[in-house]
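A.B. asks: Have a look at the structure that comes next, please.
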Amino acid sequence: MFSRDQYELVDFGDGRKLERFGTFLLDRPCAAAVDPPAHPPAWRQASARYQRLEQDRGRWTPGSALPADWRVACSDLVFELRATEFGHLGLFAEQAGNWNWIDKQVRRAGRKLRVLNLFAYTGGSTLAAAAAGASVVHVDAARNTVAWARRNAELSGLGDAPIRWIVDDAAKFVSRELRRGNRYDAVILDPPTYGHGPQQEVWKIGQQLLPLLAQCAELTSEQRAFILLTCHSPGYGPAELQASLADAIFGSCQSGATAKQLCLETQDGRRLHSGVVARWPEV
C-alpha cells in the first residue's frame, strides 16, 4: 500500500477531491464526492487545480506549479506521474489493494503463471504480477500509455522482467490469441465505459464486456488461477459486476466470485467510492 508521504486523500466534497501525490497537493473533479468538504482550509494549500474546459480535456492552474513529471512509490513499485490535459496523472491509487491481491494470487499458485492484463494503462497490475514472479502480456490501445508503462517497469527494477508490451485493441487481441491456441492462467481487466482501439475500434462496455469475459473464460479454461475485473462505469455496482464475472466465466452466480466497492480513505476515516472490483477466487 501507499505510505502517506507518497499518496494521501486529504479531503473531498462538492464534486472534487484533494489528493497529495508526493510533495504535490492536487485539486481535481470527482463526481462521487457529493458531500461538503470536511476541511475547507486545506484546499487553499493546493499546488494546482484541474478545471475541465471541454468534454474530456481541461487545464491545470497554475500550470507552472507542477514539473513535467515526478515519481511516487507503492511498496517496491515506482510510478512516473504527469499532469495530463485529461486530468489524469498516470496512477489510480484505489488500485493499490488489487496489486496486493494480485501479488498474493501469483505467489500462492506454486507455479509460474502466465497473466494477461487488458486495458492495462500505465502498468500497476502488470508490475505487481511481474514482481511476484509471473510472466505478463500487457495490452493497451494507446502507444504512449504502453511506453509510459514500460518506463514504470524500468523505474521499478523490472526492465528485464518477462513482460510483453502490446499496443492493440483488447477484444481483437483476445480473439487472435484464441485462434492461435494461446492460453493464460489469469486475466486482469480494467475496461473503460467507452473508448477506441488503435485503429479506431469502438469499445462500449454495455455491449462488449460480457462477450470479452466469455472469451477470457476460454483463454483460462485449462489452469485458471485468478480473474480480476475492475470497473468505473455507471450502472455497474458490486452486484452487477459480480454477476457479470460469474456468469461469463463460470456460467453460474455460485462461482465463488466476490465484488466490492473500491474506496479511498482520508486520515479521519471518510471513504470515497472509486469504482468496483470483482475477483475470483475469494481468497
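What follows draws every value from the coordinates through simple rules; no lab data is involved. The shown structure was predicted, so the numbers you read here are calculated from the model rather than taken from an experiment. Heads up, the Cβs are rebuilt from the backbone with ideal geometry, glycines too, and the neighbour counts pull from every protein chain shown.
A.B. asks: How do the peptides 150-163, 62-75, 92-105, 113-126 rank, highest first, by the average count of neighbouring beta carbon atoms within 10 Å per residue?
C.D. replies: The peptides rank, most packed first, as 113-126, 92-105, 150-163, 62-75.
A.B. asks: Additional query: Out of these labelled values of mean projected area of the Cα convex hull in nm², (1) 14.6; (2) 16.7; (3) 15.4, which was calculated from the coordinates shown here?
C.D. replies: Given (1) 14.6; (2) 16.7; (3) 15.4, the structure-derived one carries the label (1).
A.B. asks: May I ask you to list the residues of the range 166-209 whose amide nitrogen lies under 16 Å from a point 7 Å from Cα along the Cα→beta-carbon direction of ARG143?
C.D. replies: Under 16 Å, as judged by backbone N against the label point of ARG143, lie 166-169, 197-201 of the range 166-209.
A.B. asks: Same structure, new question: Taking amide H atoms as placed 1.01 Å from N in the peptide plane, list the residues 5 or more away in sequence, or in a different chain, whose amide H sits under 5 Å from that of LYS17.
C.D. replies: ARG28, CYS30
A.B. asks: Okay, next question. Using a Gaussian network model on the chain with a 10 Å cutoff between Cα atoms, which of GLY13, GLY133, GLY110 fluctuates the most?
C.D. replies: GLY110
A.B. asks: If a paramagnetic tag sat 7 Å from the Cα of ALA73 along the Cα-Cβ line, which residues of the range 3-27 would have the backbone N under 20 Å from that point?
C.D. replies: 3-9, 20-25
A.B. asks: Give, in nm to one decimal, the length gained when the segment between THR193 and GLU85 is fully stretched (0.36 nm per residue of separation minus the Cα-Cα distance).
C.D. replies: That pair, THR193 and GLU85, stretches by 37.0 nm at full extension.
A.B. asks: Something else now. Give the separation of the Cα centroids, the range 87-136 to the range 188-206, in Å.
C.D. replies: Here the two parts' Cα centres lie 20 Å apart.
A.B. asks: Per residue of the range 154-159, what does 6.51 cos²θ - 1.76 cosθ + 1.60 with θ = phi - 60° give for ³J(HN,Hα)? Whole Hz please, x for Gly and Pro, Karplus curve as stated.
C.D. replies: 4, 4, 8, x, 10, x
A.B. asks: Compute the angle between helix 96-108 and the longest alpha-carbon principal axis of the chain, please, reported from 0 to 90 degrees and rounded to the nearest 10.
C.D. replies: Helix 96-108 sits roughly 30 degrees off the main axis of the chain.
A.B. asks: Counting only residues 5 or more places away or on other chains, whose amide H sits under 5 Å from the amide H of VAL136 once H atoms are built in the peptide plane?
C.D. replies: VAL115, ILE163, ARG164
A.B. asks: Quick check: Cα centre of the range 68-84 to Cα centre of the range 24-57, how many Å?
C.D. replies: If we compute the Cα centre of each part, the gap is 20 Å.
A.B. asks: A further question follows. Once you order the gyration tensor axes a ≥ b ≥ c over the Cα atoms, which shape class does the range 1-67 get: rounded for a/c under 1.5, otherwise prolate or oblate by comparing a/b with b/c?
C.D. replies: Here the range 1-67 falls in the oblate category.
A.B. asks: With +1 on each Lys and Arg Cβ and -1 on each Asp and Glu Cβ, and nothing else charged, work out how big the dipole of the range 141-189 is about its Cα centre, in Debye to the nearest 20.
C.D. replies: Once rounded to the nearest 20, the dipole reads 220 debye.
A.B. asks: To the nearest 20 debye, what is the magnitude of the charge dipole of the range 94-280 about its Cα centre, counting +1 on the Cβ of each Lys and Arg and -1 on the Cβ of each Asp and Glu?
C.D. replies: Around 440 debye, computed over the range 94-280.
A.B. asks: Around TYR7, which amide H atoms from residues at least 5 apart in sequence, or from another chain, sit under 5 Å from its own amide H, with H modelled in the peptide plane?
C.D. replies: GLY22
A.B. asks: Right, next: Each residue of the range 176-185 in order: what ³J(HN,Hα) in whole Hz does its phi give by Karplus 6.51 cos²θ - 1.76 cosθ + 1.60, θ = phi - 60°, with x for Gly and Pro?
C.D. replies: 5, 4, 5, 5, 6, x, 7, 10, 10, 8
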